[in-house]
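Take a look at the structure below.
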Amino acid sequence: MTLRYKFALPINLMLLLVLGTSLAWEWRRQEATGMALLRARLNEEARFVQAAYHSFGMSPRFVDFLQAFCHASDISASPEHQVALVDGTGVVAGAAEHARRPMDPVRLAALGEGVWTRQEGGESFLVGVLGKGAERVVVAESTRAVAERVRANLKIQAVWFIGAGVLLFGAINFVMGRAVLRPIRRIARAVRDLERGQLGVEVATPNGDELGSLARQFNAMSRALADQAEDERREMETARQVQSELLPPERVRLGMLELAGRCLQAGPVGGDVYDVRLLPGGRIGLLVADLSGHNIAAALHTAMVRAIVWREAEQATSPAEVLSRLNDQLCRNLPDGHFATVFFGWFEPENERLRFANAGHPPALLRDASGGISELGTTMPLLGVIADLPGAEVAVEFGPDNRLLVFSDGLTEAANPQGILWGAEGLSASLEADNEPDALVTAVLERAAEFRGGGAPQDDVTIVLAAYEPVLSASPIGKHVSANTRGQLANS
């Protein structure tokens, strides 16, 4: 229900009730005044008739007086006027020949001295009786004339009342609309715009009343929200740039190993990260991690995981040892309820071997030289939950024509509009193709996006493909390698 119906309509109804009550009261007042005047006139006429009788006695002059006084001979004067003098034997004299409904004076005289109201034939009469004893004067007249005058006067006053009411209604509705409803509607529109994301929207505040104060407070709140959103946007953009700079190039060549990767965050920042780096002894380390959350805290945690892994990998003797130390750090630094799944391993080109540890991460896919596909499943629980976690790793052959596909669960758990998950079946088929790593990664992401119906991913998506390529590619891969990686290659 709108404010017009809540406030303006009740006010209008109350005004209408006041006008109706005023008209009814005026009607009763005029009717009472007319009846009082008629009652006084009947009493006065009765006294005149009584005085004439005392002066003339029962004589022709008294009868003439009675006829003239009553105006019974003139129908237009008072056709309902009836006058009579009665005694104990009956009517002594009377004048009522032209009355439409002559009444019995003897029966009226029996009412006693005073003024009485009688109903005869559905019509109201006022009857005045004067005198005590046998002789009484009876004067009667219909109240129709009084009622007609009241109705005539009431019609005129009703026109004035209605005119005044219309002006009053218009003035109240105009003031209500200008001073109350219009400012409230402006504030309501601004609130709806704010709900739709139009931060900073303001309301005009021409009034200095409470609604104007409310509008000014709303404007201050809207500006504060806009400033806060802008600050958060800038912070988020800075975090996004920092996180993106932590990722390696989308295509990297390290010795005999060619890697292609993508990290698509569900928001400006996210909890997925992957990285590749040269390690002492000619090893090539590969890290893919997925931390819970999609906010700035998750982005900071990915930077922490990246720094710890590469620091520990410098001196650790196995990937499992690296993840075990990482787990101890996460248990101390991650908030309660947060965790991480990590795939970490390093390639040993001299031995053509991959050593890896998988802490709760989706199984990676390995294609061997014969084209067979195998899964590299978990070797450890997820990290950041239980301290002092023993490490476990697996070593597999990784030589010419071998390929390794590591991904986060945001890829396989992509859902279509019907809620069906994509799964990992299509990944194995993609790995069987001999496309360039970068082209293969792009094709997988395109098929995943097509499966989602073109919508944005609901979770962070990370995919990395590592291929053993003894012969360097003819394409100028060097331009895709970061300065840090080119320096490590030069040192190696």
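Can you compute the modelled spin-label distance between Trp25 and Val106, with each label point 7 Å from Cα toward Cβ, in nm?
4.9
Quickly estimate the mean residue ellipticity at 222 nm for the chain, helices only: each DSSP H run with n ≥ 4 gives -39500 (n - 2.57), and the total goes over all residues, rounded to 500. Provide the component values of the computation, followed by the final result.
Working: 12 runs with 217 residues, N = 492.
Helix-only estimate at 222 nm: -15000 deg cm²/dmol.
Among Phe62, Met103, Ser124, pick out the residue whose Cα is farthest towards the positive end of the charge dipole of region 3-150, where Lys and Arg carry +1 and Asp and Glu carry -1 on C-beta, about the Cα centre.
Ser124
Let's test the formula: R0 of 60 Å, r as the Cβ-Cβ distance of Asp328 and Arg182. What FRET efficiency results, to the nearest 0.05? Don't skip to the end; give the middle numbers.
On the way: r = 65 Å, r/R0 = 1.09.
Efficiency computed from Cβ-Cβ geometry: 0.40.
Using the 10 angstrom Cβ neighbour count as an exposure proxy, how do Ile386, Ile463, Ile308, Ile284 rank, fewest first? Please list the in-between numbers first.
Details: Ile386 10, Ile463 26, Ile308 19, Ile284 23.
With the sparsest Cβ surroundings first, the list reads Ile386, Ile308, Ile284, Ile463.
How high is the FRET efficiency between Met236 and Glu413 when r is their beta carbon distance and R₀ equals 22 Å, given to the nearest 0.05? Walk me through the numbers before you get to the answer.
Numbers: r = 25 Å, r/R0 = 1.12.
About 0.35, to the nearest 0.05.
What nm value, rounded to one decimal, do you get for the distance between Ala40 and Arg149 when each label is placed 7 Å out toward the C-beta?
Once both label points are built, they end up 1.1 nm from each other.
State the label only: which of [x] 23.0; [y] 30.9; [z] 44.2 corresponds to mean projected area of the Cα convex hull in nm² computed from the shown model?
Label [z] holds the value from this structure.
Among Val305, Gly170, Ile184, whose Cα sits farthest toward the positive end of the charge dipole of the chain (+1 at Cβ of Lys/Arg, -1 at Cβ of Asp/Glu, about the Cα centre)?
Of the listed residues, the answer is Gly170.
Give me Ser430, Ser370, Ser22, Ser244 sorted ascending by neighbouring Cβ count inside 10 Å, so fewest comes first.
Ascending number of Cβ neighbours within 10 Å: Ser370, Ser244, Ser22, Ser430.
Would you order Cys331, Cys263 from fewest to most other beta-carbon atoms within 10 Å of each residue's own beta-carbon? Let's see the in-between values first.
Details: Cys331 16, Cys263 24.
So the residues, fewest neighbours to most, are Cys331, Cys263.
Throughout, read-outs are computed from the coordinates displayed, never taken from laboratory work. Here the structure is a predicted model, which is why all the values come from computation and not from measurement. Don't worry about glycine lacking a Cβ; one is built from the backbone with ideal geometry, like all the others, and counts go over all protein chains shown.
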